[in-house]
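A.B. asks: I have a structure I would like to understand better, so I am pasting it below and will then ask my questions one at a time.
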C-alpha cells in the first residue's frame, strides 16, 4: 500500500507549457526525508500544460474559476499532505528547497512558513534588489508580526488551512498574505531565508520597473492598512 505523502506541493496553472517543464523538474526532484506529492491545479488550459504535468508525474486537478487564489484553493483542498506548500509554474528550485521550507512546521511550533523569491533570469540590479532589500525587509517584517509573503514560496499546516477556510478565491492578488494573516491567529509564522525559489522576470519585463514596483508596493500597504487588495491583475503568459 502506498503511503500518504506528508507534504503536498501545489502549482496553479493556465497555459504554462513554456515554463512548466523546468519548474516540475525541480519540484519533482526534491531531496527530503519525507514523502511528498506535486499537484498541478489547472484552469482548463488550452495548450499542452496538462499533458506535460501528467507525463512528468504530477497529479492534476481542475478548477474553472481561473483566479490564482481559486487555483491554489482547488489544489490545496485535493491535497493529501499534512503540510501544504505553494509554488508556481515558472519557478526554479534547488533540491533542498522543500525540506528547508517546511522544517519550521515539521520540527517546531510554526503553523506557516515562507521563503525568499529571487529572479531566475534577472540582471545584477534585480538580484541586488531582491537579495539586498526585499529579503531582509521580509525577514524584519515577519519578526514584528507583519507577514510579507509570496505564494510562489510558502507552506501551511493542512489542518490550519482547513480551519480558516483557505484562500479567498475572489482575490486576484494578496491571497497569500490573506492566508498567512489568518493562520497567525493559531500559531507562529517563520520566514526561512535559506529556502529561496527563483522565478521568471516575465512580468517585470512586460510591465517595466515603475509599474511593477508601484503596483506591488501600493498593494502591500493597501492590504495591511485596509484589508483589501487591488482588484485587477493582468495575466502574463
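A.B. asks: Just for the range 51-70: of the residues that are in contact (Cβ under 8 Å) with a residue 24 or more places away in the chain and surrounded by fewer than 17 Cβ atoms within 10 Å (Cβ to Cβ), which one is nearest to residue 17 (Cα to Cα)?
C.D. replies: The residue in question is 56.
A.B. asks: Next up: Out of everything in the range 192-206 that is over 21 Å from residue 136 (Cβ atoms) and in contact (Cβ under 8 Å) with a residue 12 or more places away in the chain, what residue ends up being surrounded by the fewest Cβ atoms within 10 Å (Cβ to Cβ)? Talk me through it step by step, then tell me what you get.
C.D. replies: Residues of the range 192-206 that are over 21 Å from residue 136 (Cβ atoms), as a first pass: 200, 202-203, 205-206.
Checking which are in contact (Cβ under 8 Å) with a residue 12 or more places away in the chain leaves us with 200, 202-203, 206.
Details: 200: 22, 202: 15, 203: 17, 206: 12.
For the range 192-206, the residue satisfying everything is 206.
A.B. asks: I've got another one for you. Of (1) buried (at least 16 other Cβ atoms within 10 Å of the Cβ); (2) in contact (Cβ under 8 Å) with a residue 60 or more places away in the chain; (3) in a helix (DSSP H, G or I), residue 159 satisfies all except one. Which?
C.D. replies: Just one mismatch for residue 159, condition (1).
A.B. asks: So for the range 132-155 (the condition being within 29 Å of residue 64 (Cβ to Cβ) and over 16 Å from the mean Cα position of the chain (by Cα)), does at least one residue qualify?
C.D. replies: Within the range 132-155, none of the residues are within 29 Å of residue 64 (Cβ to Cβ) and over 16 Å from the mean Cα position of the chain (by Cα).
One line per residue, one yes/no per condition, for (1) under 24 Å from residue 157 (Cβ atoms); (2) in contact with a helix residue (DSSP H, G or I) (Cβ under 9 Å, 6 or more places away or on another chain); (3) at pLDDT 95 or above:
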residue: 4; (1), (2), (3): yes, no, no
residue: 11; (1), (2), (3): yes, yes, yes
residue: 20; (1), (2), (3): no, yes, yes
residue: 67; (1), (2), (3): yes, yes, no
residue: 72; (1), (2), (3): yes, yes, yes
residue: 81; (1), (2), (3): yes, yes, yes
residue: 95; (1), (2), (3): yes, yes, yes
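A.B. asks: Oh, and also: Of all residues in the range 136-156, count the ones that are more than 16 Å from residue 200 (Cα to Cα) and in contact (Cβ under 8 Å) with a residue 60 or more places away in the chain. Before you say what the answer is, go through the steps one by one.
C.D. replies: Taking the range 136-156 and keeping what is more than 16 Å from residue 200 (Cα to Cα), we get 136-149, 154-156.
Next cut, in contact (Cβ under 8 Å) with a residue 60 or more places away in the chain only: 146, 148, 154-156.
Selection size over the range 136-156: 5.
A.B. asks: When you scan the range 162-202, how many residues do you find that are in a helix (DSSP H, G or I), out of contact with any strand residue (DSSP E or B) (no Cβ under 8 Å at 6 or more places or on another chain) and over 22 Å from residue 94 (Cα atoms)?
C.D. replies: Within the range 162-202, the first condition is being in a helix (DSSP H, G or I), and the residues that meet it are 162-164, 175-186, 202.
Retained after the next criterion (residues that are out of contact with any strand residue (DSSP E or B) (no Cβ under 8 Å at 6 or more places or on another chain)): 162-164, 175, 177-178, 181-182, 185, 202.
Okay, now just the ones that are also over 22 Å from residue 94 (Cα atoms), so 162-164, 175, 177-178, 181-182, 185.
The number of residues fulfilling the criteria is 9.
A.B. asks: Check residue 55 against each of (1) assigned to a helix (DSSP H, G or I); (2) touching a strand residue (DSSP E or B) at 6+ places or on another chain (Cβ under 8 Å) and name the one condition it does not meet.
C.D. replies: Going through (1) assigned to a helix (DSSP H, G or I); (2) touching a strand residue (DSSP E or B) at 6+ places or on another chain (Cβ under 8 Å) one by one, residue 55 breaks only (2).
A.B. asks: Working carefully through the options 111, 102, find the one that is touching a strand residue (DSSP E or B) at 6+ places or on another chain (Cβ under 6 Å), surrounded by 17 or more Cβ atoms within 10 Å (Cβ to Cβ) and assigned to a helix (DSSP H, G or I).
C.D. replies: On the way: 111 fails: assigned to a helix (DSSP H, G or I).
Unique residue meeting the criteria: 102.
A.B. asks: If you don't mind, there's one more thing I want to ask. Just to be sure I understand, how many residues within the range 139-151 are surrounded by fewer than 21 Cβ atoms within 10 Å (Cβ to Cβ) and on the phi < 0 side of the Ramachandran plot?
C.D. replies: Of the residues in the range 139-151, the ones surrounded by fewer than 21 Cβ atoms within 10 Å (Cβ to Cβ) are 139-141, 143-146, 148, 150.
From what is left, the residues that are on the phi < 0 side of the Ramachandran plot are 139-141, 143-144, 146, 148, 150.
Residues in the range 139-151 being surrounded by fewer than 21 Cβ atoms within 10 Å (Cβ to Cβ) and on the phi < 0 side of the Ramachandran plot: 8 in total.
Per-residue answers, yes or no, for (1) touching a strand residue (DSSP E or B) at 6+ places or on another chain (Cβ under 8 Å); (2) without any contact (Cβ under 8 Å) to a residue 24 or more places away in the chain; (3) part of a strand (DSSP E or B); (4) crowded, with 17+ Cβ neighbours inside 10 Å:
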| position | (1), (2), (3), (4) |
| --- | --- |
| 72 | yes, no, no, yes |
| 80 | yes, no, no, yes |
| 94 | no, no, no, no |
| 125 | no, yes, no, no |
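The values are calculated or read from the model by the stated rules, or taken from the named source; none is laboratory data. Everything quoted here is computed from the prediction, not taken from an experiment. Note that each Cβ is placed from the backbone with ideal geometry, even for glycine, and that neighbours are counted across all protein chains shown.
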